[in-house]
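The structure under discussion appears below in the form of structure tokens.
The values are calculated or read from the model by the stated rules, or taken from the named source; none is laboratory data. Owing to the predicted nature of the structure, the values given are computational and were not obtained by experimental measurement. Using ideal geometry, Cβ is built from the backbone for each residue, glycine included, and neighbour counts are taken over all protein chains shown.
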Amino acid sequence: MANSELSNNLSDKNSRAGWWFGFIWLAVLIIGLAILATYFNPFRLALPFILTAIFLIIPEEYGLYSLAFFLPAIEWYFYYRGLEIPLIDLLGLAVFAAFILRKIYDRLFRREKFQLRLPVLIPFSFFIISAFISCFFADYVRDSIWYFVRWILFFYFVYVVFPVNAIKREIVLRNTVISLVACGVLVALGGLYSVFIQDWQYQFVRVIPLTFFNISPLGTNHNLLAEVLIVSLALTQSLKYWFTSRVAKRWLDILTFFQALVLVGTFSRAAWIGLGAMILLWLAVNAKKLSRSVWVILIMALIILSPLFVYMYRLQSQYDIGVSSTENRLIMTEIAWDKFLDKPVFGQGDGTFINFIADDIRFIAKYGEPLDSHGVWQKIILENGLFGVFTFALLLAGIFIILGRFWKRFGVRYPWFPPLVLGSIGIVIMEFFNTSYYKGKMWLPIALALAAVNLIRAKERKIKYGKN
């Protein structure tokens with residue numbers, strides 16, 4: 001039976017307790033090390049080597065669990081001779097270094113074959129080639145090449161290649177999902193608390209990330225919090241199909257609803273669009289299976305939440321924060337289009353978007369400091385031109401054609417798979433309007449869905465042929 005292996009693992013309470021114990025202690029250790037490195041400069045220099053040593057000692061999959069749990073920590077920065085690197089990327093670098101060192105050791109001393117999956121390699125290669133060529137059209141070629149290595153190659157190898165290679169068993173996928181959902185629930189609780197410490201009389205109150213001891217691990221923007229929740233609420237539904245207890249399923253439904261409410265409370269337009277698209281797609285796929293009572297509940301939920309739609313309309317039309325955000329994106333789009341017309345084929349070069357924003361008098365006069373592109377298509381059309389737009393669209397199409405095909409064929413047999421796809425769709429739609437398009441927040445959920453495809457393919461092959 002398809003789920004027999006996992007059911008046996010889930011029934012082993014001692015195994016689950018041991019996993020939780022190890023995971024919690026690892027998370028506490030990483031936080032402790034990060035705090036020490038924040039306040040003690042000599043320790044900060046040793047932190048990358050300490051983390052790499054830790055991930056060499058512990059099982060490989062615990063590095064993946066760490067990436068999933070600390071995925072939102074994109075603005076807890078560490079500085080190394082002018083290099084600014086957030087905690088999550090420092091972890092990613094250490095985890096990937098340990099992964100490669102393990103592979104080299106196994107090849108040299110254990111004579112094991114060096115195997116490395118490179119998921120969706122052909123469409124990724126086209127985009128990588130496109131981005132690399134664009135570097136040579138930049139005014140500062142060396143800086144553009146560094147941006148290409150630091151962001152584009154980094155996200156592919158750390159947040160796509162490593163997870164797909166680390167997830168060889170369904171229980172590893174499940175534990176990774178648990179790690180990400182645990183992070184999402186903590187982020188949602190922090191977001192809920194933030195509502196009660198704002199000035200209700202003079203502020204536009206919305207869910208925002210918290211700051212601890214002058215450290216803002218998630219950043220300060222509401223969109224950064226919403227990016228976590230749009231994935232974690234979908235993945236919470238995956239967990240329903242990995243637990244047999246009715247009580248557990250009920251709690252997971254409650255956690256999904258809670259995260260969705262907090263997500264709505266961010267009043268992020270991108271998050272609302274992403275969540276709406278996820279719900280509509282789910283309804284379209286399952287419309288024939290839904291009872292009348294489910295439709296009644298959905299309609300009642302819309303009626304109950306209708307005051308929030310009024311609140312959102314006021315934000316966009318009456319408050320400076322909403323109007324200014326719209327104008328900001330319009331100016332960025334104008335700049336991107338103008339620069340695209342200058343170099344339409346290969347663009348202006350990787351990492352150059354923010355430089356053109358800094359040179360725009362209108363933007364600096366209105367907003368004070370340059371910002372990177374608020375939307376992946378703005379970014380690519382300016383930096384990589386038509387070739388970049390085509391290859392990136394080809395990349396996304398290739399990914400979602402694979403995921404859609406497996407959803408259609410195996411979604412019923414493996415009901416934990418469709419929520420993984422929905423989470424990937426939600427975050428990609430959000431990044432049409434946000435800034436995390438080259439970060440793990442977008443690519444790790446996609447990698448989990450691609451890893452799930454490999455697991456399903458292996459299980460189906462075993463069922464059909466009786467071998468791996």
Q.
If I filter segment 416-467 down to residues being among the small types (Gly, Ala, Ser) and over 21 Å from Asn175 (Cβ atoms), which single residue comes out as modelled with the lowest pLDDT?
A. Gly466
Q) Which one of these does Asn165 not meet: (1) under 18 Å from Ile399 (Cβ atoms); (2) surrounded by fewer than 16 Cβ atoms within 10 Å (Cβ to Cβ)? A) (2)
**Q.** Residue in segment 448-460 that is surrounded by fewer than 21 Cβ atoms within 10 Å (Cβ to Cβ), more than 18 Å from Ala277 (Cβ to Cβ) and in contact with an Asp or Glu (Cβ under 9 Å, 6 or more places away or on another chain) present
**A.** yes
Q) Of these, Leu255, Leu302, Leu263, which one is within 24 Å of His222 (Cβ to Cβ), at pLDDT 70 or above, exposed (fewer than 12 other Cβ atoms within 10 Å of the Cβ) and not β-branched (Val, Ile, Thr)? A) Leu302
Q: Check whether at least one residue in segment 222-236 is at pLDDT below 90 and not basic (Lys, Arg), and report yes or no.
A: yes
Q) Taking only pairs six or more apart or across chains, which ones have beta-carbon atoms under 8 Å, a first residue in segment 191-203 that is surrounded by 14 or more Cβ atoms within 10 Å (Cβ to Cβ), and a second residue that is of a type in the set (Ser, Thr, Tyr)? A) Gly191/Thr266
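Listed here are the residues, each with its yes/no results for (1) in contact with a Lys or Arg (Cβ under 8 Å, 6 or more places away or on another chain); (2) under 23 Å from Asn223 (Cα atoms).
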site: Leu341; (1), (2): no, no
site: Gln348; (1), (2): yes, no
site: Lys366; (1), (2): no, yes
site: Pro370; (1), (2): no, yes
site: Ser373; (1), (2): yes, yes
site: Leu394; (1), (2): no, no
site: Trp407; (1), (2): no, no
Q. Which condition does Pro217 not pass, out of (1) in a loop (DSSP other than H, G, I, E, B); (2) under 27 Å from Glu431 (Cβ atoms); (3) out of contact with any strand residue (DSSP E or B) (no Cβ under 9 Å at 6 or more places or on another chain), if it passes all the others?
A. (3)
Q: Search segment 412-444 for residues being assigned to a loop (DSSP other than H, G, I, E, B) and touching a Phe, Trp or Tyr at 6+ places or on another chain (Cβ under 6 Å), and hand back the single one that is nearest to Leu87 (Cα to Cα).
A: Tyr438
Q | Condition check for Lys464: among the basic types (Lys, Arg) and crowded, with 24+ Cβ neighbours inside 10 Å | A | no
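Residues are listed down the side, and each one gets a yes or a no for (1) touching a strand residue (DSSP E or B) at 6+ places or on another chain (Cβ under 6 Å); (2) closer than 28 Å to Leu420 by Cα; (3) among the hydrophobic types (A, V, I, L, M, F, W, C):
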| site | (1), (2), (3) |
| --- | --- |
| Phe126 | no, yes, yes |
| Asp139 | no, no, no |
| Arg142 | no, no, no |
| Tyr147 | no, no, no |
| Leu153 | no, yes, yes |
| Val158 | no, yes, yes |
| Thr176 | no, yes, no |
Q) Could you list, in sequence order, the residues of segment 334-346 that are aromatic (Phe, Trp, Tyr), assigned to a helix (DSSP H, G or I) and closer than 12 Å to Glu383 by Cβ? A) Phe340
Q) Has segment 108-126 got any residue that is surrounded by 16 or more Cβ atoms within 10 Å (Cβ to Cβ), of a type in the set (A, V, I, L, M, F, W, C), touching a residue at least 12 places away in the same chain (Cβ under 8 Å) and assigned to a helix (DSSP H, G or I)? A) yes
Q.
Please count how many residues of segment 164-206 are at pLDDT 90 or above, in contact with a Leu (Cβ under 9 Å, 6 or more places away or on another chain) and within 30 Å of Pro307 (Cβ to Cβ).
A. 11
Q. Out of (1) β-branched (Val, Ile, Thr); (2) more than 12 Å from the chain's Cα centre (by Cα); (3) more than 20 Å from Leu239 (Cα to Cα), what's the single condition that is false for Ile429?
A. (2)
Q) Is at least one residue of segment 431-451 under 24 Å from Gly63 (Cα atoms) and basic (Lys, Arg)? A) yes
Q) Among Leu36, Leu83, Leu93, which is of a type in the set (A, V, I, L, M) and over 24 Å from Lys441 (Cα atoms)? A) Leu36
**Q.** Selection from segment 347-394 of residues that are more than 23 Å from the chain's Cα centre (by Cα), within 16 Å of Tyr147 (Cα to Cα) and assigned to a loop (DSSP other than H, G, I, E, B)
**A.** Gly347, Gln348, Gly349, Thr352
Q) So which of Ile50, Ile30, Ile57 is closer than 21 Å to Pro163 by Cβ, modelled with pLDDT of 90 or more and surrounded by fewer than 18 Cβ atoms within 10 Å (Cβ to Cβ)? A) Ile57
Q. Pick from Trp295, Trp272: which is modelled with pLDDT of 85 or more and assigned to a helix (DSSP H, G or I)?
A. Trp272
